[in-house]
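Asks: One structure is given below, represented as structure tokens, and several questions about it will come after.
Every read-out reported here was derived from the displayed coordinates using simple, explicitly stated rules and does not represent laboratory data. Since this is a predicted model, take the numbers as computed values, not measurements. Cβ placement follows ideal geometry from the backbone for every residue including glycine, while neighbour counts extend to all protein chains displayed.
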Amino acid sequence: MTPFMAEFLGTMLMILLGDGVVANVLLNDTKGNNSGLIVITTAWGLAVFVGVIIAGPVSGAHLNPAITIGLAIAGKFPWANVLPYICAQMLGAFVGAFLVWIMYYDHFKRTTNQANILAVFCTGPAVRNYIANISSEIIGAFVLFFTIMYIAGAEVTTTKVAIGLGSIGALPVAFLVWVIGLSLGGTTGYAINPARDLAPRLMHALLPIKTKGTSDWAYAWIPILGPIIGTSIAALLFLQLQP
């Protein structure tokens, strides 16, 4: 398996499971309807766990354009590979979102709440204040990247890695995403990943869902720019702290 395919498959499965739990909680007549934020944040952490297991040994499991850019800034990843990785992540997220629609097709048909349908695919602010919203995404992505750089001496971020301890080696990243969701996710839904938000938002715009409403493109720049700024700041700080 190539690094491109690893990033594609890892991101696809992450989005399938991550957006899938939101569909399970928010769409009508599902088994998990109204089960709450704890269910969503827990499953998102485990979704990242699955993606890291699949992609980690081959690509390093970036699964996130902001992580890829941050690693390049930190000198841990070649700039020449940044664009191919981002393309793989975007394609994986796009396909993952499509699979969620297939999985919950009947429940999308039974749901009329436009905000809930949109939330399956992408994030949105609890209170729309663009300065506060982008600050939330910057902080969340900063915590994500800065902590990852100290997991196993940043070994999980190189191009080819052995995750270590089998599947258990991916758990620290899952716990990290879980705590970010629980602690910092109440403002914007903690996208902290441009591919996680942009590609599924585009899928929302394209899918034939009668009651879907708009895709809120006015907000879409926040979960793109915010995470990139956050990981870039974290990468620069990491460099300054190295001996």
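Asks: Please determine, in degrees from 0 to 90 and to the nearest 10, the orientation of helix 171-184 with respect to the longest principal axis defined by the Cα atoms of the chain, where the helix direction is its Cα long axis.
Replies: 60
Asks: Between region 48-65 and region 228-243, what is the C-alpha centre distance in whole Å?
Replies: A separation of 21 Å, based on Cα centres.
Asks: Separate question: Using only Cα atoms, tell me the angle between helix 130-148 and the longest principal axis of the chain; keep it within 0 to 90° and round to the nearest 10.
Replies: 50
Asks: Report the number of Lys pairs in region 3-241 whose alpha-carbons are under 27 Å apart, with separation of 8 or more residues or on distinct chains.
Replies: Qualifying lysine pairs in region 3-241: 6.
Asks: For K109 and C87 in one chain, what is 0.36 nm times their gap in residues minus the Cα-Cα distance, to one decimal in nm?
Replies: Full-extension gain reported as 4.8 nm.
Asks: Hey, what D do you get for the chain in µm²/s if you plug the Kirkwood alpha-carbon radius into Stokes-Einstein at 20 °C and 1.002 mPa s?
Replies: Details: Rh = 17.6 Å.
Translational D for this selection: 122 µm²/s.
Asks: Just to confirm the number: angle between the C-alpha axis of helix 37-59 and the first principal axis of the chain, 0 to 90 degrees, nearest 10?
Replies: That helix lies at roughly 40 degrees to the long axis.
Asks: Taking the Cα centre of region 1-134 as origin and charging only Cβ (+1 Lys, Arg; -1 Asp, Glu), how large is the dipole, in debye to the nearest 20?
Replies: 140
Asks: Okay, next question. What residue among P57, N113, I233 has its Cα farthest toward the positive end of the dipole of the chain, where the charges are +1 on Lys, Arg and -1 on Asp, Glu, each on the Cβ?
Replies: So the residue furthest toward the plus end is N113.
Asks: Here is a further query. Please report V82, V21 as a ranked list, fewest other C-beta atoms within 10 angstrom at the top and most at the bottom.
Replies: Sorted ascending by nearby Cβ count, the order is V82, V21.
Asks: Given a Förster distance of 25 angstrom, what is the FRET efficiency for M5 paired with I168, based on the Cβ-Cβ distance and rounded to 0.05?
Replies: Once rounded, the FRET efficiency stands at 0.55.
Asks: Another question, then. Can you give the helix-only mean residue ellipticity at 222 nm for the chain, where every DSSP H stretch with n ≥ 4 adds -39500 (n - 2.57) and the sum goes over all residues, rounded to the nearest 500 deg cm²/dmol? Mind showing how you got there, number by number?
Replies: Values: 10 runs with 157 residues, N = 243.
So the calculated ellipticity at 222 nm is -21500 deg cm²/dmol.
Asks: Sticking with this one: Report the gain in length on full extension from T214 to K31: 0.36 nm times residue separation, minus Cα-Cα distance, nm rounded to one decimal. Mind showing how you got there, number by number?
Replies: Working: separation 183, 0.36 × 183 = 65.88 nm, distance 2.66 nm.
Length gained between T214 and K31: 63.2 nm.
Asks: Based only on other Cβ atoms within 10 Å, what is the fewest-to-most ordering of D216, D29?
Replies: Sorted ascending by nearby Cβ count, the order is D29, D216.
Asks: Is there a quick way to get the dipole size of the chain? I mean about its Cα centre, with the Cβ of Lys and Arg at +1 and of Asp and Glu at -1; what is the value in debye to the nearest 20? Present the calculation step by step, with values, prior to reporting the outcome.
Replies: On the way: 10 positive and 8 negative charges, 56 e Å.
It comes to approximately 260 debye.
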